[in-house]
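Remarks on the structure that follows.
The values are calculated or read from the model by the stated rules, or taken from the named source; none is laboratory data. What you are looking at is a predicted structure, and each value in this text was computed from that prediction instead of being measured. With ideal geometry, Cβ positions are generated from the backbone for all residues, glycine too; neighbour counts draw on all protein chains shown.
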Amino acid sequence: MENETILVCKNIVKRFGPVNALNGVDFEVRRGEIRGLIGENGSGKSTLTSIMAGMQKATSGTMEYKGKPWNPSTMEQAQEQGVCMILQESNTVRGCTVAENIFAGQISKFSKFGVVNMKKMTEEAQKLLDSFGVGRIRAADLIDRYTFEDRKMIEIVRSVSADTEILVVDETTTALSFDARELFYKLMKRLAEQNKAVIFISHDMNEILEQCTHLTVLRDGDIIGHLTGEEMRQPGAPEKIRYMMVGREIGDAYYRSDYDTSHEEEVALEFQDVSVGEIKHFNLKLHKGEIVGFGGLSGCGMRLIGRAGFGLEKLTSGSVLRNGKKIKDPLTAIRSGIGYVSKDRDTEALILSASIADNITFPSLDALSKFTFIDPRKEKKLVKREVDRYLIKCNTPRQLVSTLSGGNKQKVSFAKWTAKGSSVIIMDCPTRGVDIGVKQAMYAFIAQMKKEGKAILLISEELSELIGMADKIIILKDFAVSGEFMRSPDLQETDIIGSMI
């Protein structure tokens, strides 16, 4: 029945030790809705939806799904009943095929007398990939060969089936290419038209306003309010929603206010006739006190440049030079003063099973050690400085990074390199999956780094971010430079898009 309430949460409380993540939340979603869920990092969005999807248990409160008590023990159990969740970070298993990832937890469907019919499973997986418009991904391939963006599409294929009644989307679209994003929007609308429901978490205000039929705002573990589609599209709605999220006026001044593109003469990092992957004969001189932005559609090659700069990719020719010395691997890069903030935060940027303090100090162990022993006073002082600098919300620096919100994880990703004193920082989508308040803070940190003479290579899929922060923007298309733009108050997204497509 259309507009029928399909899931109800009543007085949901969730505590992590002394911290209340949810303070007695009441929430419901109806059939035919794309229900937006928005709030700052740490507001409780992911916590609430992960309880619905069986990822964790509430401390107290009750839920009903299709009129019956709902208390799934695992995500697999929830998915079997039609409640599926796509997580913000990568949730695929390396070393397995695409097909094995798509049918994870369902392998028994293809088993007989303990023997798995891999051919049949692969064929079924390929049919699903084709039906989602991503047939270029081959079900028989190892998942390791695919990019972070492709792995997110594979997760979507795995999560959505004919039995899906509620699809929970936690900040997934920021990891997708432009084309894949459009495919995903169509999928959400199709589910709503089929009288199913979507709960859509995003920090992108435009995306929320364009894609959602209803909106719920959380702040500090409480529901602040609900908006209908009509209310979401009234003049002044974005400002109203931001105020509900943060409890204060935030304005639109996220980016640098200056248009000073000057920098020091000293070259901090040089790409000298670099060929890496499908990129051929790339040259760039990044100077101290300069922010060079890289943009383009997903798969254009901009990430290869960043990874090559940190020694993560093997060059087929040419050199990446720092102070005249070649960067051959990440260890050489770190020792020469280069830091790297990866887009794939949970896999490449952080050690989730380690503490905040351990993550921050990891690149700086040499400076903190004497005769192979870490000086605890130096360590404590260094960690406190970085936690205070970035206002990282935690009970203690010994708290596991895995317990932090996305925004606070990203602050730790920044802190490890400023703690090290890195003078060159390569940033790949540094504000992916963080809220407007944290974005504003990140942009202020980046602007301050420029003033301090640090050299920054900023890779981003958000043109507004590049226009707002970079001294020079380099656009790549099909693994080659297709346009260069200098910082200017007159520069618009429309000036750049032609170089991308």
Next on the checklist: Residue under question is S60, and the condition is that it be closer than 18 Å to G221 by Cα, at pLDDT 90 or above, hydroxyl-bearing (S, T, Y) and crowded, with 18+ Cβ neighbours inside 10 Å; does it hold?
Outcome noted: no
Item to check | Members of region 238-296 found to be of a type in the set (F, W, Y) and modelled with pLDDT of 95 or more, listed by number | outcome: F271, F282, F294
Checklist entry - Based on what the data block shows, is N71 assigned to a loop (DSSP other than H, G, I, E, B), out of contact with any Pro (no Cβ under 9 Å at 6 or more places or on another chain) and under 30 Å from G407 (Cβ atoms)? => result yes
Checklist entry - Taking only pairs six or more apart or across chains, which ones have beta-carbon atoms under 8 Å, a first residue in region 487-501 that is in the same structural domain as S464 (by TED's automatic domain parsing), and a second residue that is loosely packed, with under 10 Cβ neighbours inside 10 Å? => result none
Checklist entry - Quick one: how many residues across region 59-80 are under 23 Å from A125 (Cα atoms), polar (S, T, N, Q) and touching a residue at least 24 places away in the same chain (Cβ under 8 Å)? => result 1
Checklist entry - Based on what the data block shows, is R307 under 28 Å from I497 (Cβ atoms) and among the basic types (K, R)? => result yes
Item to check | Condition check for V401: farther than 18 Å from S422 by Cβ, buried (at least 20 other Cβ atoms within 10 Å of the Cβ) and not charged (D, E, K, R) | outcome: yes
Checklist entry - Looking at T174, T228, which is the one that is at pLDDT below 95, touching a Gly at 6+ places or on another chain (Cβ under 8 Å) and on the phi < 0 side of the Ramachandran plot? => result T174
Item to check | Pair list, Cβ < 8 Å and 6+ apart or interchain, from region 373-395 residues that are under 16 Å from V438 (Cβ atoms) to residues that are small (G, A, S) and at pLDDT 90 or above | outcome: E386/A415; E386/A419; V387/A415; R389/A415; Y390/A415; I392/A415
